[in-house]
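Notes follow once the structure below has been shown.
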Amino acid sequence: MDDLSDAVVFVRCQNKWGSGVVIDAASGLILTCSHIVNHAHDSVKVLFKNGKVEARVIYASPPSTPYDLALLSVGEVKGLKQLQLADSPPVLGEKVLTVGYPLSTENLVAANCTPTLTAGCVAKLSQRGGPIQTTCCTHSGVSGGALLRPPSQLLGIVVSNLQCNKVIMSSFNFAISVEHFRTPFREYLVTKDPSCLQSLSVNNTTVKMEWALPDCKL
C-alpha cells in the first residue's frame, strides 16, 4: 500500500477532482482522465504522500474522442513511484484491483493520503478498441485511477461507471486498456514531443461505438 500511495495520486482542478497514475517518476508524468482537468492549463493540483504540487497539462483528449485521457507533468518531485505497464493484455475472468480516491476532498487526502483498493474481475473485453469492464466496486473520484493486475501491473485507467435509469452502478465500471495508449506514451517518454499523443484522439467510428454507453433500462 505504501508504494501505491506514491504511485496513485489525487488530482484536483478547480471544482473537479479524481485520481491519477504515475507512469514516469523521474520526469513526474501522470496519467489521468481528461474530464477531470477539463483542458485547463493551470489550477491543476496533485496531492500525494509527500505533499502537494502544481501540474501542467501536456495533453488532454477532446470531448469528441472515446479515450478520456490526459497527461500531466509535475516535474522532478521526490517521493513519486511509478507503476509498470502490464506486459500482456487482461484475460476474461482475471482478478483485478482498482486504486483511487473515491468520495474524497483535498483536506481528507492531505490528512491521510492513502488510496482505496477494491477487488473484482474482468467481466468483459473488447477486441475493437473498447473498454475493459470489471466488477470492482468504484465511486466518483476513482476516475483516472489504476486498474491493476495484482500486485502492481497497470492494466488500464479507470474512466467511468455504468448508469441504469440514472442510477450509477458501482460494480459495473470501465477502463481504458494500456494496449490503447502504450505506444504513444512510450514515444512521448523518448521524444518529449506532445504531437506523439495526438494518435489518442481517435476518430474511428467502430471505436466510438464500442464506447457509446447509453443509460440502460433494467
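Some observations on this one:
- Restricting K16, K52, K95 to those that are among the charged types (D, E, K, R) and modelled with pLDDT of 95 or more reduces the list to K95.
- Restricting attention to segment 207-218, the residues that are at pLDDT 70 or above and surrounded by fewer than 12 Cβ atoms within 10 Å (Cβ to Cβ) add up to 1.
- Test set (1) loosely packed, with under 14 Cβ neighbours inside 10 Å; (2) of a type outside the set (A, V, I, L, M); (3) farther than 30 Å from S195 by Cβ; (4) within 16 Å of the chain's Cα centre (by Cα) - K124 fails condition number: (4)
- When V91 is tested against (1) touching a strand residue (DSSP E or B) at 6+ places or on another chain (Cβ under 7 Å); (2) open to solvent by less than 20 Å² (accessible area, probe 1.4 Å); (3) part of a loop (DSSP other than H, G, I, E, B); (4) not hydroxyl-bearing (S, T, Y), only condition (2) is not met.
- The number of residues in segment 170-195 being under 21 Å from P63 (Cβ atoms) and either out of contact with any Cys (no Cβ under 7 Å at 6 or more places or on another chain) or surrounded by fewer than 14 Cβ atoms within 10 Å (Cβ to Cβ) (or both) comes to 9.
- Every listed requirement among (1) open to solvent by 40 Å² or more (accessible area, probe 1.4 Å); (2) under 30 Å from G51 (Cβ atoms); (3) touching a residue at least 60 places away in the same chain (Cβ under 8 Å) is met by A146 save one, (1).
The values are calculated or read from the model by the stated rules, or taken from the named source; none is laboratory data. Keep in mind that what you see is a predicted model, and the values were worked out from it rather than measured. Quick reminder, even Gly has a Cβ in these numbers, built from the backbone with ideal geometry, and neighbours come from all protein chains shown. The area values use the complete protein model at the heavy-atom level, side chains included, leaving out ligands, DNA and RNA. Shrake-Rupley method; radii C 1.70, N 1.55, O 1.52, S 1.80 Å.
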